[in-house]
Amino acid sequence: MKEGEFVLLVSKDDSYFTEVSNRILNIQSGKIDLNQLKKKDFGEKIKTHTGKDFFIVKPNIKDIFERKAKRLPQIIMPKDAALILAYTGVEPGSLVVDAGFGSGFLAMFLANYIRGKVVTYEKEKKFFKTAKQNIKSSGLSEFIRLKEKDIRKGIDEKNVDLVTLDMKNAERVVKHAYKSLKPGGWLVVYSPYIEQVKKVVSEMEKKGFSGVKTVENIVRGWQVRDHTLPERSGIMHTGFISFARKVE
């Protein structure tokens with residue numbers, strides 16, 4: 001492994017997200033010389049100075065979201081991002097346009113799956129530094145193009161497979177999305193409140209999109225024990241997702 005490469009060190013009862021370097025990682029079960037990772041491969045073990053074993057695992061996109069990427073504005077949760085893939089059926093190699101980049105979580109999630117091209121629009125300069133760092137940390141730089149532009153002024157790309165919007169006044173982008181999408185392409189809008197949903201759906205129907213529908217994705221965990229019960233707290237409702245397909 002190379003200097004600066006991210007790794008996940010996993011045991012039965014603990015895990016640590018770190019990177020290959022010349023420093024010592026001090027953890028509860030001992031010390032790990034991270035320089036020794038340069039002599040290792042993923043799937044092998046490394047020991048603390050007390051003899052405890054940790055498996056060396058290549059972090060996936062979920063690990064990066066939870067352990068490394070910095071969050072700025074509210075993000076689209078993985079459960080909602082996964083629903084976008086499930087409902088649109090977007091395929092590997094597709095071209096996606098994304099707007100309202102923020103911290104880049106949705107763009108990175110989609111890029112990790114499609115391995116095509118995600119062109120993401122962001123007009124707020126204050127988000128750019130964090131966005132660029134998150135993309136670099138994800139290892140997906142070759143699949144994501146970060147564009148400093150207000151998408152409400154138009155979309156440059158043509159024959160797009162999927163347009164995703166997570167932004168204020170998303171209804172103003174519906175007409176641009178229609179022009180840029182290929183026949184059969186999808187427009188997906190994430191809305192935090194129902195008033196925006198109404199505006200977005202109205203614009204979708206005016207433009208002639210097919211199969212317009214809005215859903216919310218509620219996931220509830222369960223405590224499995226002698227008396228199994230649903231968890232009484234957690235992130236359930238996060239937002240509304242509106243889907244529409246271009247058929248002409």
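Where a number appears in this text, it was derived from the coordinates with a stated rule and is not lab data. Remember, it's a predicted structure, so these values are computed and weren't measured experimentally. Every residue, glycine as well, gets a Cβ built from its backbone with ideal geometry; the counts of neighbours run over all protein chains shown.
Of note:
- Computed 3J(HN,Hα) for the range 220-226, one whole-Hz value per residue from the Karplus formula 6.51 cos²θ - 1.76 cosθ + 1.60 where θ = phi - 60°, is 10, x, 10, 8, 8, 7, 4, glycine and proline marked x.
- Each Cα pair under 8 Å and six or more residues apart adds its separation to the average, and for the chain the resulting relative contact order is 13 percent.
- Correct choice for Cα Rg over 2.2 N^0.38 Å that was computed from the model, options (i) 1.18; (ii) 1.09; (iii) 1.05: (i)
- In Hz, Karplus ³J(HN,Hα) per residue of the range 172-186 (6.51, -1.76, 1.60; θ = phi - 60°; x = Gly, Pro): 6, 9, 4, 5, 5, 5, 4, 5, 7, 6, 7, x, x, x, 10
- In the elastic network of the chain, a GNM with C-alpha springs shorter than 10 Å, the most mobile of Asn60, Asn217, Asn26 is Asn26.
- Residues Phe101, Phe65 arranged by fewest to most Cβ contacts within 10 Å: Phe65, Phe101
- Nearby aspartates and glutamates by direct alpha-carbon distance to Lys182 (threshold 17 angstrom, same-chain neighbours under 8 apart not counted): Glu91, Asp98, Asp156, Glu157, Asp161, Glu248
- Build a GNM of the chain with springs between Cα atoms under 10 Å apart, and of Tyr190, Tyr178, Tyr87 the one that fluctuates most is Tyr87.
- Backbone amide hydrogens, once placed in the peptide plane, bring Gly116 within less than 5 Å of Gly93, Ser94, excluding anything fewer than 5 places away on its chain.
- Listed cross-link partners Lys68/Lys125; Lys45/Lys125; Lys39/Lys125 are compared with a 31 Å cut-off, the Cα-Cα value being larger for Lys45/Lys125; Lys39/Lys125.
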